[in-house]
Amino acid sequence: MRAFEGQKSDNRPIKRDAREKRAQLDMLKQRLATMKSHESPALRQSMEKKIAELETELGGKAR
C-alpha cells in the first residue's frame, strides 16, 4: 500500500516549535546525566551531538 502525500510516514523531519525543542533538550540532558558507565559510547556521542544541535538552534532563535 502506498502512502499518500502528507502522511506522517513520509521521509520528512518532524517540525517542532521552540517550546517542544526546549522540552526535548531538557529530556536529553536528563537522560545523558542518568546514563550508566556501561552504556554504549556511540549512544552517548549521538545524544551529545543532538544536545549541541538543539542548543545551537535555540540559541539562534533567541538572538
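Note down the net charge around Arg31, summing +1 for each Lys or Arg and -1 for each Asp or Glu among other residues with Cβ under 12 Å from its Cβ. Before the final figure, lay out the partial values.
Numbers: positive: Lys29, Lys36, Arg44, Lys50; negative: Asp26, Glu39, Glu48.
After counting each charged neighbour, the total is +1.
Given the whole protein assembly as supplied and a 1.4 Å probe, what does the accessible area of Met27 come to in Å², nearest 10?
Rounded to the nearest 10, the figure is 110 Å².
The values are calculated or read from the model by the stated rules, or taken from the named source; none is laboratory data. Since the structure is predicted, the reported quantities are computational estimates derived from the model, not experimental observations. Virtual Cβ from ideal backbone geometry, glycine too; neighbours counted across all protein chains shown. The accessibility values were calculated without ligands, DNA or RNA, using every heavy atom of the protein model including side chains. Shrake-Rupley method; radii C 1.70, N 1.55, O 1.52, S 1.80 Å.
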